[in-house]
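Chemist: I have a structure I would like to understand better, so I am pasting it below and will then ask my questions one at a time.
Derivation of every value follows stated rules applied to the coordinates shown; laboratory data play no part. These numbers were taken from a predicted model, which means no experiment stands behind them. Virtual Cβ from ideal backbone geometry, glycine too; neighbours counted across all protein chains shown.
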Ligand SMILES: NC(=O)c1ccc[n+]([C@@H]2O[C@H](COP(=O)([O-])OP(=O)(O)OC[C@H]3O[C@@H](n4cnc5c(N)ncnc54)[C@H](O)[C@@H]3O)[C@@H](O)[C@H]2O)c1
Ligand SMILES: [Zn+2]
Ligand SMILES: [Zn+2]
């Protein structure tokens with residue numbers, strides 16, 4: 001089959017790779033119909049997350065049709081249309097029992113890598129480096145889905161692929177961001193990053209009862225979408241002083257809930273940005289925590305900072321004094337997909353949220369590099385490029 | 001010579017581990033064993049040093065020791081041992097590791113107690129068979145598929161669902177002792193297991209260097225064995241990811257992988 005593979009930093013290639021096979025009785029094979037780019041892929045492609053190797057198939061946000069099931073798969077039969085959580089969870093360990101699926105003890109065959117990097121093992125994630133299990137990703141015609149009964153979900157009749165695919169990753173991530181943000185009646189929620197994850201966080205904040213939602217980004221077109229689709233007030237940090245503006249907008253209090261949907265590759269304007277960029281370039285600091293710093297400084301006393309933007313290593317100059325003395329709560333994590341996906345599918349079915357507006361470009365795998373370049377540079381009003389891996393067939 | 005301690009056993013509140021290794025690797029090497037030792041040693045050295053991986057290095061080091069023993073006909077420290085028991089100067093290495101398994105204590109204990117099960121998660125074992133109530137026979141393949149090492153062990157203490165300790169019998173080729181404790185994990189989280197293994201590195205002086213060099217690797221091996229045990233108990237399988245599509249394995253061989261492993265000093269896989 002064809003698959004979009006990492007070759008080296010910022011160099012992706014379509015390769016012929018062997019078709020996946022059932023290895024464990026709990027596996028199933030899915031023929032991928034849609035597979036999306038995600039901000040997380042950029043950290044890999046830009047070389048900030050180690051343990052990726054040439055030939056690794058990328059992609060973790062996907063849906064498709066079941067073509068083969070292992071003998072222990074109970075929930076699915078051949079022909080089922082499914083959306084699959086990007087994290088791989090066993091369903092049996094202590095963490096899975098608590099629905100903290102991304103902390104699963106058992107699905108990472110390379111447990112020793114995160115143990116060295118982070119002090120403990122973490123769940124496997126499709127197409128997301130060897131530290132996260134070394135599983136082949138979804139930018140391919142077929143994918144092996146291990147622990148299928150836990151990670152895959154049947155798509156309700158009548159829903160379009162475009163409305164469903166983001167229930168794999170961007171929507172549960174945004175939803176979890178809002179879930180962790182401790183939203184109460186009257187809460188003002190600020191969301192840094194108006195990408196797919198940020199947009200889903202904004203819409204989820206409304207679902208969870210936010211009073212106001214404020215979006216912060218630099219890309220005018222994304223802020224426009226935040227306003228139109230996610231009903232947010234918007235701040236462009238290249239035009240206004242964000243901390244001041246957030247105070248001014250909230251009666252001097254600051255937002256109750258601050259969501260970081262940007263992560264380690266945030267961009268900025270001031271001296272802090274130059275400092276971090278230089279350090280990150282020299283690989284002295286993995287993470288450029290501009291948003292995290294702002295979120296802490298902006299957050300209301302006693303408020304919550306909820307982090308779903310990905311950090312991979314060490315971050316400098318975190319204002320712990322502000323966090324401690326303002327008694328902030330920090331919540332964070334890779335998303336616990338299977339915990340949220342059923343209710344998100346309900347929301348999509350009920351028409352509460354339709355994430356299909358995130359699909360701005362559809363391509364074949366052979367346009368993989370082009371798609372990622374466009375997504376990286378935020379060209380042509382790109383929100384998310386979604387690949388149809390079957391399409392690349394014609395281009396052999 | 002001092003005992004090499006990675007972490008003291010007292011640390012986990014259970015006293016010093018009782019069964020000490022017998023010191024059998026310091027015994028005279030008989031003629032049949034000599035031939036086997038030398039052959040296995042050469043094979044180990046060859047296969048071990050050819051491939052720069054941690055199991056490879058281990059095999060290489062063990063191979064050198066075995067070869068020396070086989071070729072010379074006696075252990076380098078033979079004289080020393082013959083002059084008196086002097087067991088206090090025997091240099092043992094100790095590795096400890098604990099892990100929580102989300103299953104009831106009886107289930108976890110019973111699986112372990114059936115010693116025949118051990119090779120399902122102890123990667124370096126081929127088989128274990130219980131020969132009588134206390135004794136068992138252990139077989140491990142020599143890396144490279146050119147032979148086997150085997151030895152006998154006996155259970156020293158057994159408290160059902162709580163504790164199991166063993167030691168290899170006199171003259172065992174792999175001289176070791178160990179203890180596993182099984183405790184209820186707090187808050188309904190299943191079972192905590194605590195494992196201590198003591199072993200006498202082969203062939204005295206060489207052995208001690210080997211032990212210092214490789215103790216972290218042995219510890220990692222034990223860790224990976226226990227992780228496999230946990231996964232078998234919790235999900236009935238050991239998940240894999242490498243046996244699946246990648247765009248480079250076919251065309252270019254698997255070179256980056258080695259780099260990753262070196263960067264992270266990965267001992268396994
Ligand atoms: N926790 C999880 O499980 C999970 C899952 C998916 C994605 N993520 C992470 O979420 C983050 C966003 O993902 P995405 O797909 O939406 O990415 P994206 O690249 O589409 O969006 C990121 C947005 O942040 C904006 N931005 C950059 N610097 C900023 C700053 N200083 N202030 C405000 N906005 C800034 C960019 O302009 C861009 O619009 C990434 O870090 C990604 O790794 C986490
Ligand atoms: Zn993602
Ligand atoms: Zn689990």
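Chemist: What average number of partner chain Cβ atoms lie no more than 10 Å from the Cβ of the residues making up A:124-135?
Modeler: Working: counts 2, 0, 1, 0, 0, 1, 9, 2, 1, 4, 8, 5.
Taking all residues of A:124-135 together, the mean is 3.
Chemist: Given a Förster distance of 51 angstrom, what is the FRET efficiency for residue B:137 paired with residue A:346, based on the Cβ-Cβ distance and rounded to 0.05? Could you put the intermediate results ahead of the total?
Modeler: Working: r = 58 Å, r/R0 = 1.15.
Computed FRET efficiency for residue B:137 and residue A:346: 0.30.
Chemist: Further question on the same structure: May I ask you to derive the relative contact order of chain A, considering only C-alpha pairs under 8 Å and at least 6 residues apart, and to give it as an integer percent?
Modeler: The normalised contact order for chain A reaches 18 percent.
Chemist: Right, here's the next one. Show me A:183-190, A:128-135, A:265-272, A:319-326 ranked by packing, highest mean number of other Cβ atoms within 10 Å first. Could you put the intermediate results ahead of the total?
Modeler: Details: A:183-190: 20.2, A:128-135: 27.8, A:265-272: 15.8, A:319-326: 12.9.
Result, highest mean first: A:128-135, A:183-190, A:265-272, A:319-326.
Chemist: Sticking with the crude label model, points 7 Å out along Cα→Cβ, report the distance from residue A:9 to residue B:152 in nm, one decimal please.
Modeler: Those two pseudo-labels are separated by 6.1 nm.
Chemist: Testing the spin-label approximation: label points 7 Å from Cα along Cα→Cβ at residue A:373 and residue B:98. State their distance in nm.
Modeler: Label-label distance for residue A:373 and residue B:98, simple model: 5.6 nm.
Chemist: Just to be sure I understand: of the beta bridges DSSP finds with both ends in the range A:170-332, what percent are antiparallel, rounded to 5? Mind showing how you got there, number by number?
Modeler: On the way: 0 of 22 bridges.
Approximately 0 percent, going by the DSSP bridge assignments.
Chemist: What does the convex hull of the Cα atoms come to per residue for the range A:292-372, in Å³?
Modeler: Working: hull volume 15.1 nm³, N = 81.
Spelled out: Cα convex hull of the range A:292-372, divided by residues, is 187 Å³.
Chemist: State, as an integer percentage, the relative contact order of the range A:170-332 based on alpha-carbon contacts under 8 Å between residues 6 or more apart.
Modeler: Relative contact order here is 22 percent.
Chemist: Averaged over A:100-112, how many beta carbons belonging to a partner chain fall within 10 Å of each residue's beta carbon? Write out the running numbers ahead of the final one.
Modeler: On the way: counts 0, 0, 0, 0, 2, 9, 10, 4, 3, 9, 8, 6, 11.
Average neighbour count from other chains, rounded to a whole number: 5.
Chemist: Among B:242, B:158, what is the fewest-to-most ranking by other Cβ atoms within 10 Å?
Modeler: Values: B:242 16, B:158 13.
Ranked by crowding around the Cβ, least crowded first: B:158, B:242.
Chemist: Further question: How would A:165, A:88, A:125 line up from fewest to most surrounding beta-carbon atoms within 10 angstrom?
Modeler: Working: A:165 28, A:88 31, A:125 24.
Going from least to most buried by this count: A:125, A:165, A:88.
Chemist: Turning to a different aspect of this structure: Give me A:359, B:108, B:169 ranked fewest to most by other Cβ atoms within 10 Å of their Cβ, as a rough exposure proxy.
Modeler: Working: A:359 20, B:108 23, B:169 16.
Placing the least packed residue first, the sequence is B:169, A:359, B:108.
Chemist: Return the FRET efficiency for the residue pair residue A:248, residue A:220: r is the Cβ-Cβ distance, R0 is 22 Å, and the value is rounded to the nearest 0.05.
Modeler: Details: r = 21 Å, r/R0 = 0.93.
Given R0 = 22 Å and the Cβ-Cβ separation, E is 0.60.
Chemist: Using only Cα atoms, find the angle between the long axis of helix A:170-180 and the longest principal axis of chain A, and express it within 0 to 90 degrees, rounded to the nearest 10.
Modeler: 40
Chemist: Can you tell me the relative contact order of the range B:113-157? Whole percent, Cα pairs under 8 Å, sequence separation 6 or more. Each step should come with its number before you reach the end.
Modeler: On the way: 69 pairs, mean separation 12.2, N = 45.
Normalised by residue count, the contact order of the range B:113-157 is 27 percent.
Chemist: Once both axes come from the Cα atoms, what is the angle between helix A:368-377 and the longest principal axis of chain A, in degrees from 0 to 90, rounded to 10?
Modeler: With rounding to tens, the tilt is 10 degrees.
Chemist: Take every Cα-Cα distance within the range A:155-290, group them into 10 Å bins from 0 onward, and report for each bin the whole-number percent of pairs it holds.
Modeler: Percent of pairs per bin, in order: 12, 38, 33, 14, 3, 0.
Chemist: Let me ask another. Quote the Stokes-Einstein diffusion coefficient, in whole µm² s⁻¹, for chain A, based on the Kirkwood radius over alpha carbon pairs, a temperature of 25 °C and a viscosity of 0.890 mPa s.
Modeler: Values: Rh = 21.0 Å.
Translational diffusion coefficient: 117 µm²/s.
Chemist: Further question: For n ≥ 4 DSSP H runs only, could you compute -39500 (n - 2.57) per run for chain A, divide by its residues and tell me the 222 nm figure to the nearest 500? All intermediate terms of the calculation are to be shown ahead of the outcome.
Modeler: Working: 14 runs with 116 residues, N = 396.
Value at 222 nm, helices only: -8000 deg cm²/dmol.
Chemist: Just checking the output field for B:185-194: average partner chain Cβ neighbours within 10 Å of each residue's Cβ? If you can, show how the numbers build up before the last one.
Modeler: Values: counts 1, 0, 1, 2, 3, 3, 0, 0, 0, 0.
Taking the mean over all residues of the peptide, I get 1.
Chemist: Once the Cβ-Cβ distance between residue A:314 and residue A:240 is put in as r, and R0 is 30 Å, what FRET efficiency do you end up with, to the nearest 0.05? Display every interim value, and only then the final one.
Modeler: Values: r = 30 Å, r/R0 = 1.00.
Rounded to the nearest 0.05, the efficiency is 0.50.
Chemist: Compactness ratio of the range A:156-217: Cα Rg over 2.2 N^0.38 Å, N = residue count? Could you put the intermediate results ahead of the total?
Modeler: Details: Rg = 12.2 Å, N = 62, 2.2 N^0.38 = 10.6 Å.
For the range A:156-217, the normalised Cα radius of gyration comes out at 1.16.
Chemist: Okay, moving on. If I model the range A:1-108 as equal point scatterers sitting on the Cα atoms and use the Debye formula, what is log10 I(q)/I(0) at q = 0.16 Å⁻¹?
Modeler: So the normalised log intensities work out to -0.91.
Chemist: How much length, in nm to one decimal, is gained on full extension between residue A:277 and residue A:117, taken as 0.36 nm per residue of separation minus their Cα-Cα distance?
Modeler: On the way: separation 160, 0.36 × 160 = 57.60 nm, distance 2.20 nm.
Using 0.36 nm per residue and subtracting the Cα-Cα distance, I get 55.4 nm.
Chemist: Report, in degrees rounded to the nearest 10, the 0 to 90 angle that the Cα long axis of helix A:271-281 makes with the longest principal axis of chain A.
Modeler: The answer is roughly 30 degrees.
Chemist: Here is a further query. Determine the percent antiparallel among the DSSP beta bridges restricted to chain A, to the nearest 5. Spell out each step's value before the answer.
Modeler: On the way: 31 of 57 bridges.
In chain A, approximately 55 percent of DSSP beta bridges are antiparallel ones.
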